[in-house]
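The values are calculated or read from the model by the stated rules, or taken from the named source; none is laboratory data. Predicted model only: the values in this text are computed from it and were never measured. Positions of Cβ are backbone-derived with ideal geometry, glycine not excepted, and every protein chain shown enters the neighbour counts. Side chains are part of the model used for accessible areas, which takes the heavy atoms of the whole protein and leaves out ligands, DNA and RNA. Shrake-Rupley method; radii C 1.70, N 1.55, O 1.52, S 1.80 Å.
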Amino acid sequence: MKIGAIIQARTSSTRLPQKVLKPLPFNSKTSVLQQVIRRVSKSELIDEIIIATTTHDEDEKIVEVAKKENIKFYKGSLENVLERYYNAALENSLDVVVRITSDCPCADVNIIDEIIKKHIDSDADYTSNTLTRGFPRGIDAEVINFSVLEKAYENATDKFEKEHVTPFIYKTHPEDFKIVQYETKNDNSDIRITLDTPQDYALLCSVYDNLYDKNEFFSLEDIIELFNNKPYLKDINSEITQKKVCNSLEEELAEVINLCKKQDLDRAKQYIEKIIWM
C-alpha cells in the first residue's frame, strides 16, 4: 500500500495573493509552503509528498519550492482541483491519498498519522477530522482511498464538487461510501490557524514567534497551551469568516443570512428572508 500526501498550492488566492510564499516566521527565509512540507515530511506513514499546483506561469514559483524541498510536483487545472488531485495521485501510483492544503502551516503530523491509522484500521473509504468541527481550523486532514477519489473524479458534475475535491464523497453521496470521523475529546474550534487573510498571517506570525524557536515542529498541544495562556491572540482574526462549501441555493442563502447577522446588516437580512419566503 502506497500512501501519499498531496498538498494543493497556488499563488492566486483572492483574499491574500501569494499567501503560501509569505515568510514564516516573519522576516525569515522559509515560506509558509515550506513549513507545511517540512511538517508533513515528519510522518511515519506517508511514503511520498506531491505538490499539486497549476499550469499557470505564476505558479512556477510553487514548482521552485517543490524542487528546493526535493519533493515531486504535478501541474494541472486551476479550477478543477479534483482533476488535479486525481491526476497527481494516478501519476504517482498512490493507493491512499492524504489531502493537505498549503495554507495550514501548523499541521500536526501526529494527528495526520492518527487519522491515517484510523482510516486503515476502520477499512474506511474516507476519513477526516473536519466533518464535525472540534479541532482548530488549520489542523485539517482528509484520507481517501484512490479508488474512491477516482469514482469522485469520474462522476462529479457540479462546480463545487470539482473545486473542493471531496464534497462528492462526504456531502453529495455519503450513502455510497464508508465515511469515518476522527474525533477529538476537546472542542477547540474557536481557534483559527489557517491562512486566508492578512489577519490570519498576523496571528500565524505570533504563533511562530512564541513557539518556533523552542521547537520547529511544535504540536497542537503546544498551540492550545499558547492560546490558553494568551487568549487575546484569538482576537487577531476573530472577525474572519471561513469560506463554506455549499451544494444548493438554499445552503448559500442560509450562509448569506448568517453573514448578514454577523455584520449587523439587518435590512439586507430581512430583504433576503422576504425573498425566500415569497
**OP:** Determine, for each peptide in 120-127, 94-101, the mean count of other beta carbons within 10 angstrom over its residues, then list the peptides with the highest first.
**Re:** 94-101, 120-127
Original post:
Of K75/K234; K19/K72; K29/K214; K159/K261; K117/K234; K29/K151, which sit over 29 Å apart, Cα to Cα?
Top reply: K75/K234; K117/K234; K29/K151
Original post:
Roughly what % antiparallel, to the nearest 5, for the DSSP beta bridges in the chain?
Top reply: 30 percent
Subject >> Amide H contacts of F73 (H built 1.01 Å from N, under 5 Å, at least 5 apart or other chain) >> reply: I51
Subject >> Spacing of the two label points (7 Å from each Cα toward its C-beta) at D235 and N70, in nm >> reply: 4.6 nm
**OP:** Would you mind computing, in nm to one decimal, how far apart the modelled labels at T30 and K171 are, each placed 7 Å from Cα along Cα→Cβ?
**Re:** 3.3 nm
Original post:
Quick one: accessible area per residue over the stretch 87-183, 1.4 Å probe, rounded to a whole number of Å²?
Top reply: 39 Å²
**OP:** With a Förster radius of 22 Å, plug the Cβ-Cβ distance of L16 and E60 into 1/(1 + (r/R0)^6) and report the FRET value to the nearest 0.05.
**Re:** 0.65
Original post:
On full extension of the chain, what length is gained from K178 through E250, given 0.36 nm per residue of separation minus the C-alpha to C-alpha distance?
Top reply: 23.3 nm
Subject >> Amide hydrogen neighbours beyond the local backbone of T54, cut-off 5 Å, H modeled >> reply: G76
Subject >> the chain - Rg over Rh from alpha carbon coordinates, Kirkwood radius >> reply: 0.96
**OP:** Quickly estimate the mean residue ellipticity at 222 nm for the chain, helices only: each DSSP H run with n ≥ 4 gives -39500 (n - 2.57), and the total goes over all residues, rounded to 500.
**Re:** -11500 deg cm²/dmol
Subject >> Equivalent ellipsoid semi-axes, the stretch 1-159, via Cα gyration tensor eigenvalues times 5, rooted, Å >> reply: 23, 19, 15
Subject >> Selected from Y153, A9, T130, residue furthest toward positive end of dipole (the stretch 1-160; charges at beta carbon) >> reply: A9
Subject >> the stretch 180-246 versus the stretch 3-55: alpha-carbon centroid distance in Å >> reply: 17 Å
